[in-house]
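Reviewing the structure listed below.
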Amino acid sequence: MPFTSPMTKLGPLGSSIRRLFSTTAETNARQYRTVVQRQLKEQPQLYEGFERPRNLMIPKEIPQYPAYPYGESRIFKRADRGLYGGQVITFGNQISEMKNKSRRTWLPNVITKSIWSDALQKSVKMKLTARVLKTLTKEGGLDNYLTKEKPARVKELGLFGWQLRHDVLKAKKLAEQKQIKNYEILKNEKGEDVKVYFKGFYQGENVKLTVGKRKLLTKLFPVVKYNTPGHLTFSAFSVPRKTTTISDVLKECEQYKVDLKDVCL
């Protein structure tokens with residue numbers, strides 16, 4: 001009896017199944033075309049001196065914290081994740097009554113506590129040793145302990161304490177800047193109190209500005225952008241003027257003839 005394939009018994013369905021599993025040259029060519037179409041587009045190679053494309057973003061890696069002068073702990077790694085006060089693991093022998101020695105280790109007495117920071121206005125949960133907690137209480141708080149300028153104190157802070165110290169000093173500096181008033185309160189024509197940030201001359205007249213440097217730059221930016229060829233963003237416009245004073249910005253406004261009637265008293 002002649003052999004009949006199971007595909008033949010299925011009729012038209014069998015022929016379609018055979019086409020699905022076909023390995024002919026046409027199928028291989030189709031698969032090759034699919035692979036070729038999925039190839040990645042060649043990226044242009046950039047060399048020094050080439051003009052950077054507009055769509056190419058180069059991120060700036062700005063460190064969040066300054067470098068710790070004493071570096072990371074090499075002996076006791078976990079000391080970089082809390083306030084250990086320079087304490088590390090110690091090694092020694094456990095001696096029995098028969099003078100038998102067996103090696104052992106001693107770990108610092110570490111506790112986990114949430115300590116309030118006046119500068120950060122929040123509780124900071126951390127791991128610290130009992131010795132550091134005693135010193136911290138003696139110093140009068142977490143901020144006083146962290147901000148002490150003694151080299152021995154800075155050395156015992158560790159990486160975690162150094163970063164926390166930076167946050168505390170930054171918060172204190174911002175608080176001091178908020179307390180300094182860089183404006184003067186005067187009365188306008190309606191008898192209302194108005195903050196005056198700068199007094200000077202503009203286009204030959206004595207003016208009193210009721211806005212700060214930032215808002216004055218926003219008034220100047222559209223005019224400079226219109227007179228500058230190419231695409232100018234506000235960040236590219238404001239960064240070079242970061243260290244300039246309000247009087248310098250006012251002179252530039254006078255050069256471009258910017259209307260400042262709505263921000264003058």
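Scanning segment 110-122 for residues that are surrounded by fewer than 16 Cβ atoms within 10 Å (Cβ to Cβ) and more than 19 Å from Leu159 (Cα to Cα) turns up Trp116, Asp118, Gln121, Lys122.
Residues checked against (1) in a loop (DSSP other than H, G, I, E, B); (2) more than 27 Å from the chain's Cα centre (by Cα); (3) hydrophobic (A, V, I, L, M, F, W, C); (4) not assigned by TED's automatic domain parsing to the domain that holds Leu157:
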residue: Gly86; (1), (2), (3), (4): yes, yes, no, no
residue: Gln94; (1), (2), (3), (4): no, yes, no, no
residue: Arg131; (1), (2), (3), (4): no, yes, no, no
residue: Asp143; (1), (2), (3), (4): no, no, no, no
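Restricting attention to segment 149-173, the residues that are without any contact (Cβ under 8 Å) to a residue 12 or more places away in the chain and under 18 Å from Gly82 (Cβ atoms) add up to 1.
So is Val239 surrounded by 16 or more Cβ atoms within 10 Å (Cβ to Cβ) and not acidic (Asp, Glu) or not? No; evaluated as a whole, the condition is false for this residue. Across segment 184-226, the qualifying residues are those that are part of a helix (DSSP H, G or I) and surrounded by fewer than 11 Cβ atoms within 10 Å (Cβ to Cβ), and the one among them that is modelled with the lowest pLDDT is Arg214. Residue count for segment 60-98 under the criterion of being buried (at least 16 other Cβ atoms within 10 Å of the Cβ), among the acidic types (Asp, Glu) and either farther than 24 Å from Thr135 by Cα or without any contact (Cβ under 8 Å) to a residue 60 or more places away in the chain (or both): the result is 0. I'd like to check something: does segment 190-205 contain any residue that is of a type in the set (Lys, Arg), within 19 Å of Ile246 (Cα to Cα), in contact (Cβ under 8 Å) with a residue 24 or more places away in the chain and in contact with an Asp or Glu (Cβ under 9 Å, 6 or more places away or on another chain)? So far as segment 190-205 goes, no, none of its residues is of a type in the set (Lys, Arg), within 19 Å of Ile246 (Cα to Cα), in contact (Cβ under 8 Å) with a residue 24 or more places away in the chain and in contact with an Asp or Glu (Cβ under 9 Å, 6 or more places away or on another chain).
The values are calculated or read from the model by the stated rules, or taken from the named source; none is laboratory data. All values derive from a computational prediction rather than experimental measurement. Reconstructed Cβ throughout: ideal geometry from the backbone, glycine too, with neighbour counts over all protein chains shown.
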